[in-house]
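Worksheet for the structure shown next.
The values are calculated or read from the model by the stated rules, or taken from the named source; none is laboratory data. Here the structure is a predicted model, which is why all the values come from computation and not from measurement. All Cβ positions, even for glycine, are placed from backbone atoms using ideal geometry, and neighbour counts span all protein chains on display.
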Ligand code: DUC
Ligand code: ZN
Ligand code: ZN
């Protein structure tokens, strides 16, 4: 198959004169992009890819033999929460530990969320987040701006964020009333403004009022274990809000992106929107593809997977895998939001006080390969598309990021598709004392990672320091990909 495909892509003539001197040469790897699959060499000069070709005649400073390995673009995780103040504590990975763990797992760039404080400006939130992230990232990063209070002042800041700061996506919450949630009136107003300036709205689409009602009901009945976190957020709460968001996006014409979609009912709301020729982008997260709600049936241990929305049923996993192959789900992210066990214990007597979130930033690429590609659920090209290329396209970074092409940033993963290993808190690099996947055997291992031309990960070591990770200004977003 590889031999046939190589004819269809443009590669340099092997008899060409010396293509370059110095830099880094990755020899003989099987290069996978969202569309191609071929064996060739990659010559990197400085931060970018200089040439791709068969038997490149280069005299490099360093050569990596990638024979028998897959070579794909650095993963982009567009949904992470690092060092984030939330539910009375902070997520336990900071910008250094989180972006480093991401690199170990083949993710070279993340998009984190700034949360506006209700009553304050977007600018002040940006400054607060910069205070924690500036000079602290090992891997590359960007921000979405969460608008939690849309008013006349915030309205004026939307254009400034897009044009001055290169922050072109705005997050909204339809839940977490009193802290993060906006109402539909604010949503429509924000959509009009964001559309006007070429941005996109991401949404946590669950019906906050209904969830708050169910939480209160369960607590008043003394039902306080993690299982009731799950039972307080039934599928309908997500399906209803997803449909409502899609309706508002259709009315305003604003590009929309549903974060962490988990279930059949919500995906069907998106399917319905396509019947009026609408396009709404959909992200799911690795945990919703692989784990299910039976994990909540084990008393407090289930707190490890208390996240919002919660894990769902096996039939929802089937829907999500199908949705990826149907092109309805474009992105697989993580919603990485780790809390140590001690922090999870804040809710030992009351599920509503368990900090919501689970660690996955390091595991996404290997799990998706092992459970998706290796088990025949998705193709290799689809793997790259949903984990690397589509996040770059949707969020205004393509083709600088998200692919392997001449002129693109040399963010590259060299991957052994056959190496088996076990995931464990004992060996992971995330700052959290348990794993959501303890003991899982995965097939396929990240061996070497390049970030903008520098070897970041080799032989299970990180070779770059905090401060190397760069804030990536993003272009106006794509309403089509
Ligand atoms: N869900 C989580 O589980 N954690 C962070 C925020 C969110 O929406
Ligand atoms: Zn969310
Ligand atoms: Zn999130």
Handout entry: Yes/no for residue 157 being within 21 Å of the chain's Cα centre (by Cα) and either in a loop (DSSP other than H, G, I, E, B) or surrounded by fewer than 24 Cβ atoms within 10 Å (Cβ to Cβ) (or both)
Key = no
Handout entry: Residue check, residue 175 farther than 20 Å from residue 395 by Cα, in a loop (DSSP other than H, G, I, E, B) and within 16 Å of ligand 1 (Cβ to nearest atom)
Key = yes
Exercise for the section: Would you tally the residues in segment 353-367 being farther than 13 Å from residue 289 by Cβ and within 16 Å of ligand 2 (Cβ to nearest atom)? Expected result: 7
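Each row is one residue, and each column tells you yes or no for (1) touching a strand residue (DSSP E or B) at 6+ places or on another chain (Cβ under 7 Å); (2) touching a residue at least 60 places away in the same chain (Cβ under 8 Å).
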residue: 333; (1), (2): yes, yes
residue: 351; (1), (2): no, yes
residue: 358; (1), (2): no, yes
residue: 366; (1), (2): yes, yes
residue: 383; (1), (2): no, yes
residue: 391; (1), (2): yes, yes
residue: 399; (1), (2): no, no
residue: 403; (1), (2): yes, yes
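Assess whether residue 167 counts as being at pLDDT 95 or above, buried (at least 19 other Cβ atoms within 10 Å of the Cβ), assigned to a strand (DSSP E or B) and away from ligand 2 (no atom under 13 Å from the Cβ). Lay out the reasoning, then the answer.
On the way: at pLDDT 95 or above: yes; buried (at least 19 other Cβ atoms within 10 Å of the Cβ): yes; assigned to a strand (DSSP E or B): no; away from ligand 2 (no atom under 13 Å from the Cβ): yes.
Answer is no for this residue.
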Problem - Subset of segment 192-225 that is touching a helix residue (DSSP H, G or I) at 6+ places or on another chain (Cβ under 6 Å) and within 19 Å of residue 261 (Cβ to Cβ) - its residue that is farthest from ligand 3 (Cβ to nearest atom) - result: 210
Handout entry: Subset of segment 226-236 [more than 16 Å from ligand 3 (Cβ to nearest atom) and in a helix (DSSP H, G or I)]
Key = 227, 228, 230, 231, 235, 236
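Consider segment 431-458. How many of its residues are assigned to a loop (DSSP other than H, G, I, E, B) and in contact with a strand residue (DSSP E or B) (Cβ under 8 Å, 6 or more places away or on another chain)?
Taking segment 431-458 as the starting set, the residues that turn out to be assigned to a loop (DSSP other than H, G, I, E, B) are 431-440, 452-453.
Keeping just the survivors that are in contact with a strand residue (DSSP E or B) (Cβ under 8 Å, 6 or more places away or on another chain) gives 436, 439-440, 452-453.
The qualifying residues number 5.
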Fill in the blank from the handout: Of the residues in segment 101-116, those that are within 16 Å of ligand 1 (Cβ to nearest atom) and in a strand (DSSP E or B) number 6
Problem - Filter pass, residue 400 being in a loop (DSSP other than H, G, I, E, B), modelled with pLDDT of 95 or more and closer than 19 Å to residue 451 by Cβ - result: yes
Practice task
Please indicate, with yes or no, whether at least one residue in segment 218-232 is free of Cβ contacts under 8 Å to residues at least 40 places away in the same chain and in contact with a strand residue (DSSP E or B) (Cβ under 8 Å, 6 or more places away or on another chain).
Solution key: no
Fill in the blank from the handout: By residue number, the members of segment 424-454 that are surrounded by fewer than 18 Cβ atoms within 10 Å (Cβ to Cβ) and more than 24 Å from residue 286 (Cα to Cα) are 454
Practice task
Have a look at 405, 478 and point out the one that is modelled with pLDDT of 95 or more and surrounded by 15 or more Cβ atoms within 10 Å (Cβ to Cβ).
Solution key: 405
Problem - Selection count, segment 258-279, where residues are over 13 Å from the mean Cα position of the chain (by Cα), within 16 Å of ligand 2 (Cβ to nearest atom) and farther than 16 Å from residue 317 by Cα - result: 0
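Going by the structure shown, is residue 207 surrounded by fewer than 22 Cβ atoms within 10 Å (Cβ to Cβ) and within 16 Å of ligand 2 (Cβ to nearest atom)?
Numbers: surrounded by fewer than 22 Cβ atoms within 10 Å (Cβ to Cβ): yes; within 16 Å of ligand 2 (Cβ to nearest atom): yes.
Taking the combined requirement at face value, the residue satisfies it.
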Handout entry: Cβ-Cβ under 6 Å pairs, at least 6 apart or on other chains, segment 174-186 side over 19 Å from residue 122 (Cα atoms) and in contact (Cβ under 8 Å) with a residue 40 or more places away in the chain, far side within 15 Å of ligand 1 (Cβ to nearest atom) and part of a loop (DSSP other than H, G, I, E, B)
Key = 175/206
Handout entry: Exclusive hit being touching a helix residue (DSSP H, G or I) at 6+ places or on another chain (Cβ under 9 Å) and surrounded by 15 or more Cβ atoms within 10 Å (Cβ to Cβ), set 140, 184
Key = 140
Handout entry: Qualifying position, being surrounded by fewer than 24 Cβ atoms within 10 Å (Cβ to Cβ) and on the phi < 0 side of the Ramachandran plot, among 39, 110
Key = 39
